[in-house]
């Protein structure tokens, strides 16, 4: 799938879901107003909180809440968590209207569900969950750029690797990647057509990276290498983005397997690799020079 195809399918979904209509079926609410009421059913919230929940700007959220207030669907109350501020909650009329909306929409979506066999429903739920998470990660990654490594990045990315290694106690003397002789000239390692390394950049500052290259001594096997991220960019889904880029690249290059070595100190990374289909193996593969890494994993491409 390419960007144009994904955009086209997304546009069709938006239209079919009625998000371009002026009201939600027979209930006199715009789609934004309906979403606001649904969020207020879950918990009272401020204008700023509503803007964040709906992924709209503060002025849009404010206009929506003002309109709902005039309709008698919501009211302001003292924030139970902070007596100095106000939050918005549903009125009885608002709750009644929302119940009508739920009834109408549940009936409509039951008709959609009735079109699909059970196995496709399971697949649909999984696919929509993955798509939604990808959208959330893209939002979190705003202001960050992922691009191929250049010679100018050699020293900055080496500095990142040294910093993160020191954070987790992975020293050169122990035999971790921080001690690789090519650490300060990585662009020379990844210039081959069957290898690639990506830099993560915040503004003009290198804050992370990761790559893939042939596994020395193993035919048809590549190695996921030097995945390091500074603390300020963790938790944004960038590791998954980078590993996915590497795996897609490896498949296009004709690799049959992807191998990696890591350590239990990097528990979050291990969990990510497991979620992406890497399986633990007992014996080391190839000649990585990192005998100290006690965790070895392999994925069929």
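The values are calculated or read from the model by the stated rules, or taken from the named source; none is laboratory data. Quick caveat, the model's predicted, so the values are computed rather than measured. Cβ coordinates were reconstructed from backbone atoms using ideal geometry, including for glycine residues, and neighbour counts include every protein chain displayed.
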If we take region 1-77, then helices (runs of 4 or more DSSP H) inside it with 1 or more residues that are over 22 Å from residue 139 (Cβ atoms) are 3-16, 31-42, 58-70
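Residue by residue, here is whether (1) surrounded by fewer than 16 Cβ atoms within 10 Å (Cβ to Cβ); (2) within 27 Å of the chain's Cα centre (by Cα); (3) free of Cβ contacts under 8 Å to residues at least 24 places away in the same chain holds:
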| residue | (1), (2), (3) |
| --- | --- |
| 160 | no, yes, no |
| 165 | no, yes, no |
| 180 | no, no, no |
| 203 | yes, yes, no |
| 208 | no, yes, no |
| 212 | no, yes, no |
| 215 | no, no, no |
| 245 | no, yes, no |
Does residue 120 satisfy being assigned to a helix (DSSP H, G or I), surrounded by fewer than 15 Cβ atoms within 10 Å (Cβ to Cβ) and in contact with a strand residue (DSSP E or B) (Cβ under 8 Å, 6 or more places away or on another chain)? no
Looking at this structure, is residue 254 in a loop (DSSP other than H, G, I, E, B), in contact (Cβ under 8 Å) with a residue 60 or more places away in the chain and in the same structural domain as residue 149 (by TED's automatic domain parsing)? no
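One line per residue, one yes/no per condition, for (1) under 20 Å from residue 23 (Cβ atoms); (2) at pLDDT 90 or above:
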| position | (1), (2) |
| --- | --- |
| 42 | no, yes |
| 65 | yes, yes |
| 70 | yes, yes |
| 78 | no, no |
| 83 | no, no |
| 86 | no, no |
| 95 | yes, yes |
| 99 | yes, yes |
| 105 | yes, yes |
